[in-house]
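Q: Below you'll find the structure I mean.
The values are calculated or read from the model by the stated rules, or taken from the named source; none is laboratory data. Here the structure is a predicted model, which is why all the values come from computation and not from measurement. Virtual Cβ from ideal backbone geometry, glycine too; neighbours counted across all protein chains shown.
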Amino acid sequence: MSAVPLAVGFLIASLGALCGSSFINPALSAQPATARSAAPLELEKPASARPWQRYKVDSQGSSWPQTQWNNFTNLANAGVSPPMHAAPAFSLPVEGDAERGRLLAYDRARGGSCVVCHIMGKTTPAQPGNVGPDLSTVGATRDDQFLFNYVYDPRIYNAKSIMPPWGAFGVYRLDEVRDIVAFLKTLKEPYAITDKNENPNTRPAPVESRDNLEPTENPAMFGLDSGREVFTRKGANGKSCAACHSAPEIAFKTWAARMPRYEPRLQRVLGVEEFITRHARATTADEMLMQSNDNVALSIYLHNLANGAGISPDLSSAGARAALANGQTLMKRKVGQLNMACVDCHTREQHANKWVRGQYLVESKGTTAHFPTWRTSRGDIWDIRKRFQWCNVSVRANELPPDAKQYGDIELALAALNKGEKINSPGIRH
Amino acid sequence: MQQIRRRLLKAIGSVIPLAAAAGAGLLRAGDAFAATWNKAGFDAKAAADALKSLGVTGAQPSKDIVLTTPDIAENGAQVPVTVTSKIPNTQSISIIVEKNPFPLSSTYDFSSGADGYVSTKLKLGQTSNVVAIVKADGKFFTATKEVKVTIGGCGG
């Protein structure tokens, strides 16, 4: 007798579980979305290429630096960068070649150059930045010892400085540090930049006004078409996504806005793209590695279906909260040869809303809802993990594979920070 | 989006038969395609040579030309530029980017009565003056604007 209620109970539980999942037949989805069901996922294999190798070029030919920065901390390995130490002995006054120092200070190919963050007197080249103080009179106010130490490693005087330890981390040789100091010593007169578009303190912040959903404006819209095709195409086992998800416009109305999410079976955070890889393996038997064209296209399609939905990550589980905390910690970790953390440049407490050369540093809030996004400066569609990888490489830290746990934690932390921001994908950005 | 693209393709499709007709010699040069290719102009490596190729002499700055560009272009590869000429009998609009390796970007001819309006996207190699040159009743008028092209900081 007891077998019947048990079976009914089991059936109800299964139905509830199915309906809890947003991507099952909407006719059943009147049930409240309570416990999220376990969507089929392949759980064993990596979701991106192994061994991970850095991109050589983006689709339109923009190249990626190929240097490996194995001797510096990255998001996976803490404590690798050289420990703080005093500058090696140097003689006073510091003597060097001021003209060579000036060229180094303005050279984009080395370290990013001083004018990325500083105005440097009347020879300042176009579009200086303002993350650091105006150095136009630094030669009149600071002595040789201070200047040498500060360029070698600013933390000798200022633990909170975000300036890279140019000498200590080997971006510049000691003779180059001396040359730069010699140049700094020549800076003695204030320099007023009158052109308001040139002066970083008056330059207007860029406003993105392009219509990102207009295909003649945003090439990523073609990714949307191809994502729709991938969704309806038969996979290796003859089934398509659409075979189970018959009304995607309804089923995925908010799904991407609730990603990334903590996945207990993997004990880490899954974003849309990794989910695609693992779910496809378990259902259509398709192999869509992260960063493959199919994966990015499907990600655009699924994000686009959630356009207008407010970002709302599920932080209710202990696993999610631990991942969130770790993501927030990682965003404060100094990484790479330039020794920078996410928060150094992208929080208003630090240096967001300032200029690095002609580039505007945005706050972390407001920066995730448009992914995947077309990058006009790169000529490529980037999902959010590729953006993270580029940030890492830009501060000269080895990037991680796109499915790295650390990126998942950071993506969740950003989703929490961007709670309520409306999904608007595919985006278009510089 | 597919609908938009369909409209676009339809619009393009309606142009193609005309081009095909011209290609097949069904239209006399001077009917739909008055302009001949200005080889000297588009090959010119200096703005002055490009101007010479257009036959520009004694050009006057004019407030009746509205040249719209961003002050700062984050991406030099796609700078939106719009030129509106309110000068009566506008015959052509040319756009020169002074510091580009090939300064003459484009020339647009207008048959009589057409509105002198052009909207396009130009590639700017670096910060440069953009000059719109309007030919009207055989005379030349100009409007100039500087566009700053952003220099990257961390590289993207």
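Q: Search the range A:153-171 for residues that are among the aromatic types (Phe, Trp, Tyr) and pair each with any residue that is surrounded by fewer than 16 Cβ atoms within 10 Å (Cβ to Cβ) when their beta-carbon atoms are under 7 Å apart and the residues are at least 6 apart or on different chains.
A: A:169/A:82
Q: Can you find even one residue in the range A:81-101 that is surrounded by 14 or more Cβ atoms within 10 Å (Cβ to Cβ) and free of Cβ contacts under 8 Å to residues at least 24 places away in the same chain?
A: no
Q: Out of the residues in the range A:345-360 that are within 8 Å of chain B (Cβ to nearest Cβ) and in a loop (DSSP other than H, G, I, E, B), state the one that is nearest to residue A:203 (Cα to Cα).
A: Taking the candidates together, the pick is A:358.
Q: Can you report the number of residues in the range A:94-117 which are within 12 Å of another protein chain (Cβ to nearest Cβ) and part of a loop (DSSP other than H, G, I, E, B)?
A: Residues meeting the conditions: 7.
Here's the yes/no breakdown for (1) under 20 Å from residue A:222 (Cα atoms); (2) charged (D, E, K, R); (3) more than 11 Å from every other protein chain (Cβ to nearest Cβ):
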residue: A:373; (1), (2), (3): yes, no, yes
residue: A:382; (1), (2), (3): yes, no, no
residue: A:390; (1), (2), (3): no, no, no
residue: A:396; (1), (2), (3): no, yes, no
residue: A:403; (1), (2), (3): no, yes, yes
residue: A:410; (1), (2), (3): no, no, yes
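Q: What is the one condition in (1) at pLDDT 90 or above; (2) under 21 Å from residue B:139 (Cβ atoms); (3) surrounded by fewer than 12 Cβ atoms within 10 Å (Cβ to Cβ) that residue B:35 does not satisfy?
A: (1)
Q: Name the single residue that is surrounded by the fewest Cβ atoms within 10 Å (Cβ to Cβ) among those in the range B:52-86 being among the aliphatic types (A, V, I, L, M) and at pLDDT 95 or above.
A: Top of the filtered list is B:66.
Q: Residue A:154: modelled with pLDDT of 95 or more, crowded, with 21+ Cβ neighbours inside 10 Å and within 34 Å of the chain's Cα centre (by Cα), yes or no?
A: Here the answer is no, as residue A:154 does not meet what is asked.
Q: Of everything in the range A:412-430 that's part of a helix (DSSP H, G or I) and over 13 Å from the mean Cα position of the chain (by Cα), which residue is farthest from the other protein chains (Cβ to nearest Cβ)?
A: So the residue we want is A:416.
Q: Which condition number does residue A:132 fail, the rest of (1) within 14 Å of chain B (Cβ to nearest Cβ); (2) of a type outside the set (Asp, Glu); (3) assigned to a helix (DSSP H, G or I); (4) within 21 Å of residue A:108 (Cβ to Cβ) being met?
A: Residue A:132 satisfies every listed condition except (3).
Q: I would also like to ask the following. Which condition number does residue A:58 fail, the rest of (1) modelled with pLDDT of 95 or more; (2) touching a strand residue (DSSP E or B) at 6+ places or on another chain (Cβ under 8 Å) being met?
A: (1)
Q: Return the total of residues in the range A:378-401 being assigned to a loop (DSSP other than H, G, I, E, B) and either touching a His at 6+ places or on another chain (Cβ under 8 Å) or among the small types (Gly, Ala, Ser) (or both).
A: 2
Q: Residue B:102: under 15 Å from the mean Cα position of the chain (by Cα) and farther than 22 Å from residue B:61 by Cβ, yes or no?
A: yes
Q: Across the range A:369-413, what is the number of residues that are over 15 Å from residue A:333 (Cβ atoms) and among the aliphatic types (A, V, I, L, M)?
A: 5
Q: Let me ask another. Identify, please: which residue in the range B:120-156 is among the aliphatic types (A, V, I, L, M) and within 14 Å of chain A (Cβ to nearest Cβ) and is, among those, nearest to the chain's Cα centre (by Cα)?
A: Looking at residues that are among the aliphatic types (A, V, I, L, M) and within 14 Å of chain A (Cβ to nearest Cβ), I get B:122.
Q: Would it be correct to say that residue A:406 is within 13 Å of the chain's Cα centre (by Cα) and either in contact (Cβ under 8 Å) with a residue 40 or more places away in the chain or not assigned by TED's automatic domain parsing to the domain that holds residue A:324 (or both)?
A: It is true that residue A:406 is within 13 Å of the chain's Cα centre (by Cα) and either in contact (Cβ under 8 Å) with a residue 40 or more places away in the chain or not assigned by TED's automatic domain parsing to the domain that holds residue A:324 (or both).
Q: Still on this structure, I have one more. Going through the range A:259-272 one residue at a time, which ones are over 21 Å from residue A:287 (Cβ atoms) and surrounded by fewer than 18 Cβ atoms within 10 Å (Cβ to Cβ)?
A: A:264, A:267
Q: Filter the range A:207-230 down to the residues that are of a type in the set (Asp, Glu) and part of a helix (DSSP H, G or I), then identify the one that is nearest to the other protein chains (Cβ to nearest Cβ).
A: So, considering only residues that are of a type in the set (Asp, Glu) and part of a helix (DSSP H, G or I), the one nearest to the other protein chains (Cβ to nearest Cβ) is A:225.
Q: Now for a separate question. So, in the range A:133-148, how many residues would count as being crowded, with 18+ Cβ neighbours inside 10 Å and within 32 Å of the chain's Cα centre (by Cα)?
A: Adding up the residues that qualify gives 2.
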